[in-house]
Every structure is written in structure tokens, then in C-alpha cells.
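See below for the structure under consideration.
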Amino acid sequence: MIDFSNQYTDSKKSRIYFARSNNVIYFKPFLDDLSYSKETKDITISNLFTTISLTDSAKETRKIVFKVLASDTNEAKQNHKKFQKLLRMLAPDDDQSKSFVFLKFTNLLNNFKPIAATSFTFQQVRASGIKGFCSNLDYKPELDLGFFDDNGMLFAKGFTISLDLRLEEAENRKKSKEEMDIMIKNPQASDKKFYPGRMFGFEVPINKTSGK
């Protein structure tokens with residue numbers, strides 16, 4: 001049986017990338033779930049005259065659930081090697097500044113810089129992916145699919161990875177009024193990656209006269 005998943009993944013440029021410490025791994029886009037959450041904390045500050053309620057910085061989390069499937073023994077072994085590498089990428093480091101991992105998945109998980117390509121280097125994933133650390137990871141073999149037997153070693157034909165990535169250092173993407181005025185008055189001279197709609201992988205034209 002011919003496996004067309006590689007051709008499909010390459011043609012759609014839709015691999016799921018993880019990168020850390022100059023290492024990059026990727027998985028095919030058998031996506032089960034993708035979600036977003038943001039948590040805030042209310043803070044109350046009191047002085048002699050009044051009490052003020054403020055909101056602390058938001059904690060953002062991206063959750064991605066995807067299947068890792070194999071068509072033969074060799075692919076199953078490679079998939080499990082990738083999972084082992086992923087575990088090492090997500091493991092905490094004594095130096096917390098180096099514990100972050102970068103995750104990129106097409107225009108759905110990116111740093112507002114969607115780039116389409118069949119493969120990415122570490123620097124490219126770092127530049128265009130989201131940055132955070134793993135707050136939850138689940139591995140679940142698909143028992144109904146069975147296992148490949150390789151000299152007494154069993155490799156799941158398929159397994160599901162569920163990952164929560166906490167973004168602690170989210171980039172401040174707000175543009176100043178002066179920058180927005182320049183973009184509206186002179187779109188040709190502005191940086192197109194900040195146009196409305198770029199985060200979804202397409203451009204929204206800006207009317208030169210109305211600014212809409």
C-alpha cells in the first residue's frame with residue numbers, strides 16, 4: 001500500500017515543528033485538537049484615598065493534540081525516536097532561560113509571521129514560531145491499531161500527543177498610533193507583515209484614502 005501522507009504534508013507545507021538548542025523535529029499534521037486559553041489575575045492596590053483594581057499580566061496557553069501514525073515498522077521506529085527527542089526538548093533545564101521550546105504549525109501556531117515552506121531550519125522556527133515551556137504532556141498509544149514487532153521490540157503503529165505550551169514571554173505586538181498612521185497613509189512603504197489578517201496567512205488591503 002502506498003503512503004501518500006508525505007506527499008500531502010509537503011504539498012500543503014503543514015508540518016508541526018518543535019525546535020530547541022539548534023535541534024528541529026517535525027510531525028505530520030494529523031491534528032485532533034487545537035485550542036487557546038488566557039488566564040489573568042486580579043490585583044487590588046489600596047492607598048490612603050482609594051482602592052484600585054488592576055489585572056496582572058496574562059498567562060497564555062496553546063494546546064495542541066495530534067496523532068503520530070506509521071505505515072511500516074521503520075516509520076514507527078522513527079516516530080518513537082522523534083517522541084524521545086521531543087521529551088528531551090520539553091524537559092526543564094537548570095538554567096530556566098534555556099528551558100523554552102519553539103513550536104510552529106502553519107499559520108495557526110506562529111509568531112504573527114506566517115511563512116510557507118516544506119522545511120524549516122532552527123533559526124526559521126525560532127523566528128516564526130511561538131515560544132514557551134511545556135506545562136502538560138500526554139502520550140497515548142492507539143491500542144486498536146496494534147503494534148509493529150521488530151526483533152521483540154514493540155512499536156505502536158499510532159499514538160496521540162497532547163501538549164500544553166505556556167507562553168510566559170509573549171511578544172508585545174501592539175503598534176503605536178504613529179506607526180499605524182504611517183501604514184495607513186503610505187502602505188507601500190510599510191511592513192506588510194503587520195497588515196490586518198497576516199496572522200491568518202493572508203493580507204487585507206488597506207484603502208489609501210479611507211485607511212480601511
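Of note:
Conditions (1) under 19 Å from Ile161 (Cβ atoms); (2) modelled with pLDDT under 95; (3) among the hydrophobic types (A, V, I, L, M, F, W, C), marked per residue:
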{"site": "Thr73", "(1), (2), (3)": "no, no, no"}
{"site": "Ala76", "(1), (2), (3)": "yes, no, yes"}
{"site": "Asn79", "(1), (2), (3)": "yes, no, no"}
{"site": "Arg88", "(1), (2), (3)": "yes, yes, no"}
{"site": "Ala91", "(1), (2), (3)": "yes, yes, yes"}
{"site": "Gln96", "(1), (2), (3)": "no, yes, no"}
{"site": "Thr106", "(1), (2), (3)": "yes, yes, no"}
{"site": "Leu109", "(1), (2), (3)": "yes, yes, yes"}
{"site": "Ala116", "(1), (2), (3)": "no, yes, yes"}
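To keep it simple, each residue is scored yes or no on (1) within 30 Å of Thr40 (Cβ to Cβ); (2) assigned to a strand (DSSP E or B).
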position	(1), (2)
Val68	no, yes
Asn74	no, no
Lys82	no, no
Met89	yes, no
Leu103	yes, yes
Ala117	no, no
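- Selection over the range 154-170 of residues that are at pLDDT 95 or above and surrounded by fewer than 14 Cβ atoms within 10 Å (Cβ to Cβ) gives a count of 1.
The values are calculated or read from the model by the stated rules, or taken from the named source; none is laboratory data. Source: prediction; values computed, not measured. Here the Cβ is made from the backbone with ideal geometry for all residues, glycine too, and neighbour counts use every protein chain on show.
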